[in-house]
Structures are given as structure tokens and as C-alpha cells.
């Protein structure tokens with residue numbers, strides 16, 4: 001008997017007798033709750049990725065709103081599809097949040113710019129080194145980004161007090177074999193700006209890389225505890241070392257704020273990138289308030305000079321009746337007596 005609803009498929013997956021599903025996947029996920037979707041994915045086997053993709057397609061509008069204009073929603077979902085087979089046992093809520101965070105950062109989950117990986121049953125968004133490089137380029141203030149690894153038998157110098165570019169020199173040996181280069185000893189990253197200046201050189205030695213890994217990589221700790229040793233730090237140590245150096249540079253260099261919105265994203269190395277406020281076009285009221293605030297700030301920060309009062313208005317002198325001298329008064333009295 002064919003199963004015609006998702007609930008029947010979930011119910012069939014919980015009984016002892018296996019039933020082969022025959023309903024198309026797009027119909028399965030229609031109006032499905034996350035819990036029903038998760039149970040259906042466990043019962044689908046090889047078609048789990050198609051079920052998750054069909055479920056994510058229901059949120060095309062959310063992804064399209066979050067994505068920058070240069071990345072179409074179809075291109076984003078196509079990149080996401082390649083990582084779905086390894087995420088079929090993750091909770092739907094964590095899947096949606098991880099891919100939405102990736103879209104808000106304007107990065108493709110293609111394994112080069114960003115990855116969405118599973119930690120137990122939780123999907124986690126992890127930006128990669130190339131993703132951070134792209135964000136720096138989008139700022140328009142960075143002309144080139146350089147990062148890589150330095151090996152023990154290669155020549156390099158670093159003098160933080162010398163002017164750029166003489167403070168850091170490195171002579172790579174690309175033709176040398178791995179044995180001839182020696183073990184990796186440093187990860188480096190720096191960038192040149194449009195102004196002609198160069199950023200600070202980021203150098204991370206093995207001890208610093210191990211501290212970053214132990215402090216910030218949850219997947220590494222879980223892989224160590226379980227004995228699986230299958231985390232990115234176990235499988236791609238060189239790439240994670242480069243990413244750590246680029247992330248440290250990213251926090252010190254100009255980077256694009258046009259497409260980045262506030263969010264909580266689980267980072268696999270180093271401290272999380274700073275959260276940015278959402279940008280909007282300022283209104284006339286915003287400009288008026290900003291002008292008033294700037295004027296008040298200038299008045300508050302201006303020179304505190306107490307002006308001396310200037311000369312006031314001249315006071316008019318009261319006219320007094322002219323006083324006669326004593327002789328004049330005596331003479332007046334003498335004249336009055338003689339007239340009598």
C-alpha cells in the first residue's frame with residue numbers, strides 16, 4: 001500500500017515491518033513540521049538530501065532577502081545541496097539557522113568560502129579563509145590579501161620596528177618537497193590597501209594555533225573525546241592554520257559591512273567576528289538629529305574660554321541745581337533787608 005502522507009511515512013518508520021516510501025519528496029515536505037521532517041529524513045536513506053533540499057526550498061524568500069545582490073538564491077541553494085548528504089541527521093532548526101547565517105554573511109556554502117558541518121546533530125556554519133578574504137575585498141579599500149604557511153627550512157625575517165615592506169620578508173621554496181621544506185612553523189597573513197599602505201603582518205606560531213584550536217573548536221574537542229579524530233583540525237590542519245591567520249587579519253583590516261547583519265554564528269577558530277549593525281538609508285529626521293548632535297558635540301569640545309564683560313553703557317549724570325557760595329547767599333540776604 002502506498003503511503004500518501006508524511007505522518008503515515010513516519011508511523012511506518014517506527015514499526016518493525018519496513019515499508020518502502022513511494023511519495024514524491026516535494027509532496028512529503030509540504031506543510032511538514034521540523035519534527036516530522038527529521039523523522040522522515042531518518043526513514044528515507046539515500047534520498048535524505050532531496051528531502052532536506054525540498055524543505056529548504058520553502059524558505060527561498062528568507063534566503064533571497066538575506067543574500068547580497070551578486071548571489072542569486074538558486075546559486076546559493078545549489079551550493080548548499082552539495083553539503084546536505086552529511087547533514088541529514090541534523091535538526092531542521094539548526095540547518096535553517098546555519099544556512100541563513102551563511103546567506104546573511106554573503107558567502108556560498110561551497111567548502112571554499114564557507115562550510116556547514118555537523119556537530120553531533122547540530123548544523124554549524126563556519127566561514128573559511130577565502131570567505132573572509134572576499135569580505136575584505138568587498139570593502140573597496142583592500143587591493144590584495146596574502147596568506148600562507150612558513151616551513152622550518154624556508155627563510156624569513158620579521159622586524160616589527162622596521163617600515164613596511166622591510167619588516168617582513170619571506171623566501172618560499174615552491175619546488176622543494178615536503179621533506180625538504182620541513183615542518184610548518186608559522187601561519188602568516190597581511191593585505192595591501194588602496195591608499196598604498198600595508199596592514200600589520202599577522203604571524204601565528206604552532207603554540208598559538210594549538211591554543212586557538214583548543215579554545216574555540218568545539219568539533220575538535222568532540223572528535224578527541226569520541227576518538228573519531230575527524231574534525232577539520234584533524235583532517236585539514238594546514239587550511240585551518242591559514243584560516244586562523246586570515247581571521248586575525250580580518251579583525252584588523254577594512255571589510256565590507258554592506259551585507260553583514262547582526263547574528264550569533266558558531267566560529268570554529270579564533271574569536272567570532274564582530275557583529276555589525278544593519279544599515280539603512282538615513283531619513284531627513286536622522287540627518288537633522290545628527291547635525292544637532294554634531295553641533296552640540298563641537299560646542300562641548302570647543303575651547304572653554306570665559307569672556308570678560310565689555311564696557312557697559314555710559315551712565316547719565318543727574319543734573320544738580322547749582323549751589324551758591326556763602327558770600328552770594330549773604331549778599332542776597334543783605335539786598336532783601338535794604339529793600340524793606
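The numbers here are math on the coordinates, done by the rules we state, and not lab data. If you're wondering where the values come from, they're calculated on a predicted model, not measured in any experiment. A quick note on method: Cβ atoms are made from the backbone with ideal geometry, for glycine too, and the neighbour counts reach across all protein chains shown.
Results, tabulated for the structure shown:
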| quantity | calculated |
| --- | --- |
| Linear extension gain, residue 200 paired with residue 167, 0.36 nm per residue minus alpha-carbon span | 10.9 nm |
| Per-peptide average of other Cβ atoms within 10 Å, ordering 226-236, 76-86 highest first | 76-86, 226-236 |
| P(r) of the stretch 88-128 over all Cα-Cα pairs, binned every 10 Å from zero, in whole percent | 36, 54, 10 |
| Full-extension gain in nm, residue 58 to residue 230, via 0.36 nm per residue minus C-alpha separation | 58.7 nm |
| Whether the stretch 42-187 is rounded, prolate or oblate, judged on the alpha carbon gyration tensor where a/c under 1.5 counts as rounded | prolate |
| Two-site FRET efficiency, residue 207 against residue 112, from Cβ-Cβ distance with R₀ of 22 Å, rounded to 0.05 | 0.20 |
| Peptides 104-113, 238-247 ordered by average Cβ neighbours within 10 Å, highest first | 238-247, 104-113 |
| Ranked by how many other beta carbons lie within 10 Å on average, peptides 127-139, 56-68 from highest | 127-139, 56-68 |
